[in-house]
Each structure stands twice: as C-alpha cells, then as structure tokens.
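Chemist: Have a look at this one before I ask anything.
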Amino acid sequence: QVQLVESGGGLVQPGGSLRLSCAASGSIHSIYAMGWYRQAPGKQRELVAAFTTHSNTNYADSVKGRFTISRDNAKNTVYLQMNSLKPEDTAVYYCNAKSSAGEYWGQGTQVTVSS
C-alpha cells in the first residue's frame with residue numbers, strides 16, 4: 001500500500017504562483033512513476049506533469065514552460081511548482097503513484113485562479 005498526502009492548494013490571482021507537495025509513505029520502494037493530474041468541473045481528469053520510468057518527465061502541452069515537477073527523494077515528496085497561473089488552471093489537483101502493487105491517488109487539493 002502507498003499513501004499520498006497533498007498540500008499547497010489555494011486561491012491565487014491570475015499570473016500568480018503556487019507550489020503543491022505530495023508526500024508518499026508506505027511501500028514507496030515499489031513506486032516506479034509519480035505525478036500530478038487535475039480535474040476541472042465537468043471535465044475528465046488529465047495529466048499535468050509526471051516522472052515516468054527512468055526519471056523522464058512528461059508535461060501537458062497546456063502547462064509547458066509554466067509548471068515544473070521536482071522531487072526530494074530524502075523526503076519521499078514530489079512537488080509541482082506552478083507559475084503564471086491562468087483561470088483555466090482552476091481544478092482539483094491529484095497526486096498519483098504507480099507501483100508494482102497498483103495505482104494510488106491522493107485526496108486532491110483545490111487550486112482556484114481568480115481575480
């Protein structure tokens with residue numbers, strides 16, 4: 001089992017920044033990929049950014065150049081730095097981990113971009 005706890009969401013004005021954190025615990029040795037997804041009201045959940053196998057990164061086209069995924073292995077934590085935020089970035093952001101035992105999701109954190 002893997003547990004994921006997100007933090008860092010909130011309300012920010014357009015053009016602002018936020019940093020999301022996702023702390024993993026449990027069977028972390030079995031994790032081979034971690035990343036962030038988001039789901040806006042009435043829309044399907046979509047990939048935002050992720051570390052894939054062999055530590056490659058993958059970003060949605062809509063966030064390239066604005067968002068950066070990073071990690072601190074000592075803290076078992078993955079971060080999502082979000083800059084130049086736009087109203088269309090408003091969504092619930094979910095941390096995701098894929099392991100040999102299955103796929104896991106965090107509880108989600110709300111990000112609202114509004115003036």
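The values are calculated or read from the model by the stated rules, or taken from the named source; none is laboratory data. Note that the structure is predicted; figures quoted are calculated from it, not measured. Glycine also receives a Cβ, built like all others from the backbone with ideal geometry; neighbour counts cover every protein chain displayed. With ligands, DNA and RNA removed, areas are computed over all heavy atoms of the protein, side chains included. Shrake-Rupley method; radii C 1.70, N 1.55, O 1.52, S 1.80 Å.
Chemist: Heavy atoms only, probe 1.4 Å: what % of the accessible area of the range 11-115 goes to carbon and sulfur, would you let me know?
Modeler: Of the solvent-accessible surface of the range 11-115, carbon and sulfur hold 46 percent.
Chemist: Taking a probe of 1.4 Å, how large is the accessible area per residue of the chain, in Å²?
Modeler: In whole numbers, the chain has 53 Å² accessible per residue.
Chemist: Among the lysines in the chain, how many pairs, 8 or more places apart or on different chains, have alpha carbons under 24 Å apart?
Modeler: For the chain, the number of qualifying lysine pairs is 6.
Chemist: Would you work out if the chain is rounded, prolate or oblate? Take a ≥ b ≥ c from the square roots of the eigenvalues of the alpha-carbon gyration tensor; rounded if a/c is under 1.5, else prolate when a/b is larger than b/c, oblate otherwise.
Modeler: prolate
Chemist: Between residue 43 and residue 19, 0.36 nm times their residue separation minus their Cα-Cα distance comes to what?
Modeler: Gain on extension, residue 43 to residue 19, equals 6.4 nm.
Chemist: Continuing with this model, one more query. For the range 1-35 and the range 43-115, write down the distance between their C-alpha centroids in whole Å.
Modeler: 7 Å
Chemist: Evaluate the charge dipole of the range 48-115 about its Cα centre and quote only its size in Debye, nearest 20, assuming +1 on the Cβ of each Lys and Arg and -1 on the Cβ of each Asp and Glu.
Modeler: 140 debye
Chemist: With the contact rule set at Cα under 8 Å and sequence spacing of 6 or more, what percent relative contact order holds for the chain?
Modeler: 37 percent
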